[in-house]
Amino acid sequence: MAKIDSLSEIDEYYEQKEFERKMNHFPSKMVIIGIIVLISLLLGVGVYFIVNALMTEPKEEVVDEFIGEQMDLNDENVKVLYQYVTYGTEDTRNTKFVMNREVTIGSFTNEEKLYYALQFVQVEDFSFTGKYTEEKEKIYRIPLKKIEDYMELYFGPEVKYQPEKEITYPFTFYINKMNVGELKYNMTQKAYDATFTTSTEETRNQLEIPPVYGKLISALRRADGSVILQERVVYTELRTDNGLYAVDIYKDPDHQELLDSKVQLQLEDLKKLKIDVADYPSTAIVQYTFAVNGGTLYFESSNIII
């Protein structure tokens, strides 16, 4: 320490020391202030984003829709499902799906539900009651529960049904060399009693041609296990043509858009007539959707795409 001779010099000396002390601490204060400012900024930005997130409605996440897996058209499951919607009796398909622009389970009558259930019936589902009609015909019986199980197989677990009193149905099998069954509901037994007295061979009309020709073009399995089939179809109308026959081919079920006509046909020509949907690139497409229940696929809906 230097020699100090007066009080004024002492005052100057301590003022100088205080100044140096303040200068020595100045950088650390600036750092502290800078940190405080930075923290304030970060807190402000954080609060902004939090408030903005709370005030803004969340946007729906955009997820690419699963289109599906293409299935082989020769796959046995595909064949079975296609049979479900093209099944008919007497070698003629049922036109329920191809004539109506949209079909759901609610589109079916009780009789139609029974019709589609009966396609699954096997000959062993019938048992002989030991009784006969007045005409000495054997009376067979099939439990209502069995038919309801078959109905659920086709329409799914939510199907509703009331038994029909009587129904005539041509089965694919024969009992006593007959396959057309006359079924009558037996309320006491909760079953249908049936007699077989006619064969479809005796009643078939040889002059008719199919009102619809179709070709399965696509089968798709979706992520949830459901299946979509697409069938390309054309519609036909048989008419006479100056003593001969003609077949008009249409794009739509209402027969408004004519695609082609086969004219001047003899009866023998008519019996041998072949119509290939692939010859008509602009046709209607029927799309069938099958939902899944416990690993089993059942009919859900169909619609016609023109």
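The values are calculated or read from the model by the stated rules, or taken from the named source; none is laboratory data. In this text the structure is predicted, and so the values were computed from the model without any measurement. Cβ coordinates were reconstructed from backbone atoms using ideal geometry, including for glycine residues, and neighbour counts include every protein chain displayed.
Quick one: is residue 226 of a type in the set (Ser, Thr, Tyr) and within 22 Å of the chain's Cα centre (by Cα)? Let's see the steps before the verdict.
On the way: of a type in the set (Ser, Thr, Tyr): yes; within 22 Å of the chain's Cα centre (by Cα): yes.
Considered against the rule, which asks whether it is of a type in the set (Ser, Thr, Tyr) and within 22 Å of the chain's Cα centre (by Cα), residue 226 comes out as yes.
Would you please name the residue that is surrounded by the most Cβ atoms within 10 Å (Cβ to Cβ), looking only at residues in segment 160-179 that are touching a Phe, Trp or Tyr at 6+ places or on another chain (Cβ under 7 Å) and of a type in the set (A, V, I, L, M)?
It comes out as 178.
Evaluate the following for residue 234: is it buried (at least 16 other Cβ atoms within 10 Å of the Cβ), among the β-branched types (Val, Ile, Thr), at pLDDT 95 or above and over 21 Å from residue 157 (Cα atoms)? It would help to see each step written out before you state the result.
Working: buried (at least 16 other Cβ atoms within 10 Å of the Cβ): yes; among the β-branched types (Val, Ile, Thr): yes; at pLDDT 95 or above: yes; over 21 Å from residue 157 (Cα atoms): yes.
Yes.
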